[in-house]
Amino acid sequence: MPEQISIYELISNATILVQVVMGLLVLASLVSWVMIFQRWLLLRRTLNELDAFEDHFWSGVDLRELYNELMQEDSLNSIENLFVAGFREYTRLADQAGADAEAIMQGVQRAMRVALMREESRLETHLPFLATVGSTSPYVGLFGTVWGIMNSFRSLANMSQATLASVAPGISEALVATAMGLFAAIPAVIAYNRFAAKVEGIMKRFEAFSDEVTSILHRAAHAQATQS
């Protein structure tokens, strides 16, 4: 029984261009896995921080005390940044003499909207790269395969009698490029879809929390305007 050719031999015997394609695909796969792991940790931590802060927020704590407490922290997480941005703007505008309640709330909404956009951008970091790897890797691998198969058939021109044994190694090494392309693309596509759905869910919770804070501050602003 003839000895089978190993994957290493197929890669080492491939043409330079096909090897370059394989190297790029391996590099893209490694970078993708690093980003996948990093995004997974970030989104899980963000969800845990969101749950913990919402529990504390709705426990009846005074908002000004909560704001002062957060301002003493060295660093704030996503949901804390959102609350601080809105309450800071509310405090700044409410302390001005003759401040209109509607003008105060417009400033609060604007500040929280900017904070929301900033957090969305942070959560979506690296997702475009995963989408690019997932959509282009199969085509990059296919390019290497086509090039390898083309070279295999070109070599038949110098043979008086072509056999499957003479063509099979070249085709096999070319098909490795397609396999690498799929290996890089499939995890990237799955991760992108999963993370994009998680980011969308987190942003909806952020927006809901922003609306609740805005509503609370709106009532406080109108009460202050009535008293004054």
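No lab work stands behind these numbers, since they all come straight from the coordinates. All of these numbers come straight from a predicted model, not from anything done at the bench. Quick reminder, even Gly has a Cβ in these numbers, built from the backbone with ideal geometry, and neighbours come from all protein chains shown.
Sort the following peptides by mean Cβ neighbour count (other Cβ atoms within 10 Å, averaged over residues), highest first: 210-217, 59-66, 73-80. Write out the running numbers ahead of the final one.
Working: 210-217: 16.5, 59-66: 11.2, 73-80: 14.6.
In decreasing order of mean packing, 210-217, 59-66, 73-80 become 210-217, 73-80, 59-66.
Got a sec? How would L82, L41 order by Cβ neighbour count within 10 Å, fewest to most? Don't skip to the answer; put the middle values down first.
Numbers: L82 25, L41 10.
Fewest to most other Cβ atoms nearby, the residues stand as L41, L82.
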